Amino acid sequence: MDPWLIWLIIAAVLAVVEIFTLTAALGMLSAAALVTAGSAAVGLPLPFQFLVFTVVATVTVLFVRPIALRHVLQPQAARFGVDALVGRTAHVVSEVTGRGGRVLIDGEEWTARAYDETLVIPAGRTVDVMEISGATAIVYPRD
């Protein structure tokens with residue numbers, strides 16, 4: 001069997017294992033094996049093939065992998081759905097207590113409860129949305 005084909009098989013196996021482990025290290029080794037398969041295809045002797053694999057694997061694991069992981073592990077930049085409402089301001093439409101009430105959030109009317117169940121928030125006040133529980137906004141008065 002040709003050496004380039006062996007390196008290609010190694011690259012494929014490492015790529016498949018990377019899909020299941022998601023470590024990015026095996027993906028870098030797979031890339032190194034792929035580059036080595038190319039060097040073997042042009043007729044590079046076996047000791048130099050190992051040298052190419054070692055150099056490419058070292059460079060990718062030490063320099064490319066941290067950059068890739070940094071991009072993958074970044075927190076989500078934007079919140080969507082009801083999560084985007086948390087932290088927004090709302091205006092009380094009807095008195096809000098620990099048991100119920102109504103607020104206006106971004107032009108939409110929501111049922112609401114006071115974050116502190118002992119509070120009574122009169123209509124017309126501005127409140128902060130602390131959390132969303134189902135279809136109910138949990139709010140706290142802005143002072």
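Rounded to the nearest 10 degrees, the angle from helix 46-59 to the longest Cα principal axis of the chain is 20 degrees. Where in segment 89-110 is the amide nitrogen less than 20 Å from a point lying 7 Å along the Cα-to-Cβ axis of A123? Output list for this probe position: 90-110. Of the labelled figures (1) 42, 34, 30; (2) 83, 25, 25; (3) 39, 36, 24, only one reflects Cα extents along the principal axes in Å as derived from the coordinates, namely (2). Once both labels are positioned 7 Å from their Cα atoms along Cα-to-Cβ, the gap between T97 and Y140 label points is 2.2 nm.
Largest accessible area first, the listed residues D116, D2, D143 line up as D143, D2, D116 when surface is computed with a 1.4 Å probe on the assembled protein chains.
Helix 25-41 and the longest principal axis of the C-alpha atoms of the chain enclose an angle of approximately 30°. Which angle from 0 to 90°, rounded to the nearest 10, does the C-alpha axis of helix 3-21 make with the longest principal axis of the chain? The angle comes out at about 20 degrees. A dipole drawn for segment 1-99 from +1 and -1 charges on Cβ atoms has a positive end, and of F50, P75, A25 the residue lying farthest that way is P75. Packing-based ranking of 31-37, 90-96, 46-52 yields 31-37, 90-96, 46-52, ordered from highest to lowest mean Cβ neighbour count within 10 Å.
Note on Q74 and L51: the model spin-label points, each 7 Å out from Cα along the C-beta direction, lie 3.9 nm apart.
The stretch between V82 and E109, if pulled fully straight at 0.36 nm per residue, gains 8.4 nm over its current Cα-Cα span. Taken about its Cα centre, segment 4-143 carries a charge dipole of about 400 debye when Lys and Arg each add +1 at the Cβ and Asp and Glu each add -1 at the Cβ. Within the accessible area of the chain, the carbon and sulfur atoms contribute 66%, probe 1.4 Å, all protein chains present.
The values are calculated or read from the model by the stated rules, or taken from the named source; none is laboratory data. What you are looking at is a predicted structure, and each value in this text was computed from that prediction instead of being measured. We place every Cβ from the backbone using ideal geometry, glycine too, and count neighbours over all the protein chains shown. Ligands, DNA and RNA are stripped out before the accessible areas are found, and what is left, the full protein with its side chains, is counted by its heavy atoms. Shrake-Rupley method; radii C 1.70, N 1.55, O 1.52, S 1.80 Å.
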